[in-house]
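Step one of this worksheet: look at the structure below.
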Amino acid sequence: MRNPLTAARGYTELVSETVSDPEASHLQTALESLDRMEELITKTLALAREGGDVGQRESVDLGPLARTAWETVDPSNATLVVEDNRELSADRSRLQQLFENLFRNVQEHCGADVTVIVRGTEDGFSVANDGPERPADIADSLFGGELETGQIGLGLLMVERVVSGHGWEGRVEVDDGTRFVFSGIGDVASSIQ
């Protein structure tokens, strides 16, 4: 993945030197997206190889981070609702990756007119969608279940690794859609928006 990424960066930088605004501004946005891709590749490889603790944590506002991840994925088939904001201690980049993977999953597997709801819970948060339910065998295999090779994609595997790396608990509920519940987060402050 890094070879085509490097080529894309090189050509984008070359073109950006020959144009002025507003095109130059658009190319800068493309370069920032390429930077984000490089960061995700590096962190995904480390997470897949090492798993383990996520390391440095900081105070993160759940709502704004979820919206940033939503804008990155930009699923045209769905609408995001953030019901309340929670402040929690997490690795910001990995938590954003968790949201991006869940939102990309909605984009790829849920069809049209889906609503995604991010909601704070007593000791964590949940991400629910009203699209088709995730098959029960896959839902049961996540977060400590019996996982067969090829049963889930890399995106959900990364969600699992982010959760375990933080020392959180995760579960999947399937009933009129799919709800990912993340708990055991510890001190969670709530500020209703």
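The values are calculated or read from the model by the stated rules, or taken from the named source; none is laboratory data. Just so you know, these numbers come straight off a predicted model, no measurement behind them. Note: ideal-geometry Cβ built from the backbone for every residue, glycine included; neighbour counts use all protein chains shown. For the accessible areas, the whole protein counts, side chains as well, though only heavy atoms, and no ligand, DNA or RNA atoms are used. Shrake-Rupley method; radii C 1.70, N 1.55, O 1.52, S 1.80 Å.
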Largest-first ordering by accessible area, 1.4 Å probe, given options Glu71, Glu83: Glu71, Glu83
Arg36 accessible area, 1.4 Å probe, all protein chains in place, Å² to nearest 10: 40 Å²
Antiparallel bridges, percent of DSSP beta bridges restricted to the stretch 51-128 (to nearest 5): 65 percent
Net charge dipole size for the stretch 61-140 [Lys, Arg +1 and Asp, Glu -1 on Cβ; Debye, nearest 20]: 220 debye
Where Arg179, Arg86 fall by accessible area, highest first, once all protein chains stay in place (1.4 Å): Arg179, Arg86
Potential lengthening between Thr68 and Arg119 on full extension [0.36 nm per residue; Cα-Cα distance subtracted]: 16.8 nm
